[in-house]
Amino acid sequence: MKVAKNTVRRLSAVLLSVAAVAVAGEASAQQDPRVGLKAGWTDAGVAAKNIELVSNVSRPAGFFNPQSLGDILLANSDLAFRGNDLFLGNFHGIQIYDISDPRNPKLRKALPCPGGQGDVSIYGNLLFMSVEMPNGRVDCGQGAFDQGASKDRFLGVRIFDISDLNNPKQVAAVQTCRGSHTHTLVPDPKDPAHIYVYVSGTSGVRPAAELAGCSGLPPEQDPNTSYFRIEVIKVPVAAPQQATIVNTPRIFADAQGNIAGLSKGGTHPSGRDQTARTDQCHDITVYPEIGLAGGACAGNGILLDISDPANPKRIAEVADPNFAYWHSATFNNDGTKVLFTDEWGGGVQARCRASDRPEWGADAIFTLENRQLKHEGYFKLPAAQGANENCVAHNGSLIPVPGRDIMVQAWYQGGLSIFDFTDPKKPVELAYFDRGPLSSSELLLGGYWSTYWYNGRIYGSEIGRGLDVLELKPSEHLSQNEIDAAKLVRVDVLNPQTQQKIVWPAHISVARAYVDQLNRSNAVPADRLNALSSGLDRAAAMTDAAAKRAAFTQLADTATQLANGAPAADAKRLNALAQTLTDLAK
């Protein structure tokens, strides 16, 4: 979410400025079940396809205001995971849940610590939290500030020791000039004793009287301006209290060294908004296994070389006149695609109406080859939302289905959408879950901030309604075998902005998932595919180890033969199937 200048007053004005009347003809323009859902808090209408809500936990006492459901100062924000623990950020602090039983999550700890957004990440026994709003205090307190600079104000990244989850302790608080809207953990494979943090600050610059060295002057007046940079924090894992900023790279500079070298901003094609100037990043997603990061940086999408984590270097950039504000980035597992989101309207306005073009407030999908980005297509929530529903592309993650690029994504009060972008030119929706707006008479901030796949389920941070847990259901678009294969992928920790390479175990469900995909694409003659499928079933049922190995080896040879001459996408699946069968034969 973009909170301009970090002022609650301005945010409230934006919300109040949104008309509370439906766009003429909007409901009739779409026949999707999501259109026109009943408004309400706990009793809103629901539309779901190929997915089931299995649990919902409301925000705990102190973290919501029943008299003001859309209160930004109590809004849920982003998620992180470790083992059976889920960490839910909030503009008011942190909630920690035990999700060992996903159908019955239990609140372990609610830690008030205001300052927004409250985005969280986990590394070992350290919890990192972003703070950007002017009510943040060094001591996590809730007292008001006098006007002007204050030594007690905190804007930056907090670090907590969570060795005892019932008693988190703040061990470091690294101040930055523009606060931390979001942050990204960056491991260094050559230096496991340290973790790096890329800080994306989007607020105005603090006065030097509050934090020495801060400058809000334009670069032509001060080459050391606090704009047009990110911060890099180096954290000794064994001594996090020594965390410090080690670099402020000018990743937006042009070839001539002009630090304001990218987008200058302009008028959005809608005529209602301005496109952003690139003097900040909103989100940076790193993919350490391929040495790259995708930066969603206000007026541009950028590609960074992070082979030296302390010194990220920009190697490519893209622009799109349809994008108002580049918000976040996600790589596909192969590292051959990057999906960027556009948070047109800052997340607080209705931007999924029937009158809003599908290229606005959407995802832009790029292919990545030789470290260069090429635009291929767009995806936007296909169900028109009402004027009382803040809606735009927001946070999501990959769902680890082998052989396909599938993502679950939050759309605020547009709900969540699951879509396949394996073909980047023709992304297609597979499933969705949506509730009606919080109010039938006005736009209140609400909906999904983020939705992520974690160890077999989808978890959603609902801004106003709490924590959701959802389960995928099989359909003609996604088979049970594909869902079972995705559930085989387990991770110990998930920080969505630090992508991990997905590796599937050698398992019969993975092989069957590939066969289901081949059956769906009709690229392999039906008789040969049926023979392959029945052969799989026979091999899986064998009890003699030697006979089973021989059967899997023969099936692998068959898959390799079928790959010859098959269309590229199916050849890739057939070769992956052959490798899985070879591994099963070992």
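Here the range 460-571 was treated as a single set of alpha-carbon atoms; its pair distances binned every 5 Å from 0 give 2, 9, 15, 18, 18, 14, 9, 7, 4, 3, 1, 0 percent.
Computed over the alpha-carbon pairs of the range 346-442, the distance histogram in 10 Å steps reads 16, 46, 28, 9, 1, 0 percent, short to long. Computed over the range 235-356, the range of Cα coordinates on each principal axis works out to 53, 35, 32 Å, biggest value leading.
Fewest neighbouring Cβ atoms within 10 Å first, the residues Met1, Met133 line up as Met133, Met1. Note: the chain, Cα convex hull, 156 Å³ per residue.
Extents of the range 54-123, largest first, come to 32, 27, 17 Å (Cα atoms, principal axes, whole angstrom).
Sorted into 10 angstrom bins from 0, the C-alpha pair distances of the range 161-201 split as 23, 38, 37, 1 percent.
When you work out D = kT/(6 pi eta Rh) for the range 395-462 at 4 °C and 1.567 mPa s, using the Kirkwood radius from C-alpha pairs as Rh and the Stokes-Einstein form, the result is 102 µm²/s. Size check on the range 452-506: the Cα extents along the three principal axes, sorted descending, read 39, 28, 15 Å. Based on Cα contacts under 8 Å between residues 6+ apart, the chain shows a relative contact order of 14 percent.
For the listed residue pairs Lys380/Lys426; Lys487/Lys572; Lys151/Lys234; Lys337/Lys374; Lys337/Lys425; Lys49/Lys380, the alpha carbons are over 19 angstrom apart in Lys487/Lys572; Lys151/Lys234. For the range 508-584, a Kirkwood hydrodynamic radius built from all Cα pairs, placed in the Stokes-Einstein relation at 10 °C and 1.306 mPa s, yields a translational diffusion coefficient of 131 µm²/s. Per the Kirkwood formula applied to alpha carbons, the range 83-155 shows a radius of gyration over Rh ratio, Rg over Rh, of 1.07. Cβ crowding within 10 Å ranks Asp320, Asp98, Asp191, Asp434 as Asp191, Asp98, Asp320, Asp434, fewest other Cβ atoms first.
Against the chain, whose longest principal axis is taken from its Cα atoms, helix 508-521 shows a tilt of about 90°. I need the Kirkwood Rh of the range 135-225: take the reciprocal of the average 1/r across all distinct C-alpha pairs and report it in angstrom. Every distinct Cα pair counted, the radius reaches 15.2 Å.
Considering the range 172-237, its Cα convex hull presents a mean projected area of 5.2 nm².
When you restrict to C-alpha pairs under 8 Å that are six or more residues apart and normalise by the size of the range 508-584, the relative contact order lands at 37 percent.
Residues Thr248, Thr580, Thr225 in ascending order of nearby Cβ atoms (within 10 Å, fewest first): Thr248, Thr225, Thr580. On the basis of the beta-carbon distance and an R0 of 22 Å, Arg108 and Ile502 show a calculated FRET efficiency of 0.20.
Read-outs throughout are calculated quantities, based only on the coordinates presented, and are distinct from any laboratory measurement. Quick caveat, the model's predicted, so the values are computed rather than measured. As a convention, Cβ positions derive from the backbone with ideal geometry for all residues, glycine included, and neighbour counts pool all protein chains shown.
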